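Here is the structure we will look at.
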């Protein structure tokens with residue numbers, strides 16, 4: 001066990017003790033406070049936990065409507081022994097917010113022995129996970145690790161399936177201007193105009209309703225349709241068409257990625273599957289503002305058997321001896337890296353960065369490092385000055401220390 005793990009364990013025990021005595025005494029202790037409205041032997045309702053870390057520079061609040069737990073008798077077809085469910089989670093902190101409607105944790109009893117999983121001792125199911133990070137320069141540690149793992153898998157993993165994979169880049173013309181609105185545009189938030197009797201010129205059917213119901217009127221110079229779908233279709237007709245650059249357009253960039261039915265093997269015994277991925281990064285240099293958003297559905301992170309385990313499966317008694325022998329090792333590995341012993345399933349993932357810099361994009365950072373590594377291993381005689389300049393620009397390696405001479409010191 002590393003020193004960092006021991007320090008983390010000691011801090012976790014300290015915070016748990018402070019939270020317990022805070023609940024018993026009904027007062028904050030050491031910057032920690034736990035309040036529970038109703039507590040029973042199998043559930044807790046109205047949980048609120050407030051705390052501060054790092055000399056009160058980081059504060060967070062955890063809220064949950066209820067937490068229920070239940071013990072089970074393991075069976076051969078369902079070897080679970082513990083189930084915990086947390087409803088309506090809201091975690092707010094100084095760096096970001098997290099919310100989910102339901103979190104379920106299932107702990108298995110020797111799952112490899114019963115051939116229920118390929119190693120993980122727990123299954124975690126999250127229903128509707130929403131993550132909001134305020135600034136990419138202050139990304140929480142576990143979100144940064146998740147980004148590094150996911151991007152690394154996309155760059156170096158094995159794509160087993162990708163039904164649709166599309167990228168798009170657009171320069172300028174992203175911000176909306178009044179003159180960009182088509183003649184049939186109406187504000188979706190505005191109320192539709194009251195219906196008027198149809199005129200003689202509006203007798204042609206629109207294909208979705210009878211002629212008398214296709215009412216149209218003029219309001220502020222724009223056509224207002226009774227069926228808002230018609231106006232929305234006309235408003236988005238030229239969304240993916242890039243016109244000539246104009247003086248009124250801002251200097252901005254939009255990079256989008258769309259994927260459907262993606263299966264990736266990270267070659268470390270993990271399988272990533274996504275039913276749908278939509279991500280977009282925007283950067284406006286005129287206003288010095290950037291943002292990032294990603295929506296993914298049916299996300300799975302599952303541990304699978306290695307090839308040698310699939311070719312030569314072991315007998316049950318061998319699995320029993322191996323499980324008992326490796327149980328202390330699994331406990332140590334789970335403590336150091338809890339995700340290594342977990343299968344994760346997220347129904348819908350929504351990630352948003354309010355302020356995002358291009359140099360903080362993990363895809364750019366790992367992509368440049370991978371290109372440089374491939375160039376070196378392929379014996380390509382390229383000057384390192386080009387790669388060093390890019391790596392320093394995107395802060396993928398620590399910059400050398402800067403020393404100030406006496407003449408460079410600012411005057412007091």
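The values are calculated or read from the model by the stated rules, or taken from the named source; none is laboratory data. Being a predicted model, the structure only gives us computed values, none of them experimental. Heads up, the Cβs are rebuilt from the backbone with ideal geometry, glycines too, and the neighbour counts pull from every protein chain shown.
Report, by residue number, each residue of the range 247-270 that is within 28 Å of residue 339 (Cα to Cα) and surrounded by fewer than 17 Cβ atoms within 10 Å (Cβ to Cβ).
257, 258, 260, 261, 263, 265, 267, 268, 269
Is it fair to say residue 372 is at pLDDT below 80, more than 22 Å from the chain's Cα centre (by Cα) and assigned by TED's automatic domain parsing to the domain that holds residue 153?
Spelling it out, it is not the case that residue 372 is at pLDDT below 80, more than 22 Å from the chain's Cα centre (by Cα) and assigned by TED's automatic domain parsing to the domain that holds residue 153.
Can you tell me which residue is farthest from residue 296 (Cα to Cα) among those in the range 318-356 that are touching a helix residue (DSSP H, G or I) at 6+ places or on another chain (Cβ under 6 Å) and not in a helix (DSSP H, G or I)?
Ranking the candidates gives 356 first.
Taking the condition in contact with a strand residue (DSSP E or B) (Cβ under 9 Å, 6 or more places away or on another chain), modelled with pLDDT under 95 and either within 30 Å of residue 330 (Cβ to Cβ) or surrounded by 16 or more Cβ atoms within 10 Å (Cβ to Cβ) (or both), does residue 22 pass? Even if it seems obvious, please write down each step before you answer.
Values: in contact with a strand residue (DSSP E or B) (Cβ under 9 Å, 6 or more places away or on another chain): yes; modelled with pLDDT under 95: yes; either within 30 Å of residue 330 (Cβ to Cβ) or surrounded by 16 or more Cβ atoms within 10 Å (Cβ to Cβ) (or both): yes.
Yes.
Say whether the condition of being exposed (fewer than 14 other Cβ atoms within 10 Å of the Cβ), under 29 Å from residue 329 (Cβ atoms) and not assigned by TED's automatic domain parsing to the domain that holds residue 320 is met by at least one residue in the range 71-82.
The answer is no, given that none of the residues of the range 71-82 is exposed (fewer than 14 other Cβ atoms within 10 Å of the Cβ), under 29 Å from residue 329 (Cβ atoms) and not assigned by TED's automatic domain parsing to the domain that holds residue 320.
Restricting attention to the range 299-317, does a residue exist that is closer than 30 Å to residue 99 by Cα and not in a strand (DSSP E or B)?
Checking the range 299-317: at least one residue is closer than 30 Å to residue 99 by Cα and not in a strand (DSSP E or B).
Those residues that are touching a helix residue (DSSP H, G or I) at 6+ places or on another chain (Cβ under 8 Å), buried (at least 16 other Cβ atoms within 10 Å of the Cβ) and in a helix (DSSP H, G or I), I need them from the range 124-149; list them, please.
136, 147
If you take the residues in the range 94-106 that are out of contact with any helix residue (DSSP H, G or I) (no Cβ under 8 Å at 6 or more places or on another chain) and crowded, with 17+ Cβ neighbours inside 10 Å, which one is nearest to residue 132 (Cα to Cα)?
Filtering the range 94-106 for residues that are out of contact with any helix residue (DSSP H, G or I) (no Cβ under 8 Å at 6 or more places or on another chain) and crowded, with 17+ Cβ neighbours inside 10 Å, the one nearest to residue 132 (Cα to Cα) comes out as 98.
Would you confirm whether or not the range 42-53 contains a residue that is assigned to a helix (DSSP H, G or I), over 18 Å from residue 90 (Cβ atoms) and over 29 Å from the mean Cα position of the chain (by Cα)?
Here is the first cut: in the range 42-53, the residues assigned to a helix (DSSP H, G or I) are none.
Looking for residues that are assigned to a helix (DSSP H, G or I), over 18 Å from residue 90 (Cβ atoms) and over 29 Å from the mean Cα position of the chain (by Cα), one finds none in the range 42-53, hence no.
How many residues does the range 87-144 contain that are under 15 Å from the mean Cα position of the chain (by Cα) and more than 24 Å from residue 43 (Cβ to Cβ)?
Count: 16.
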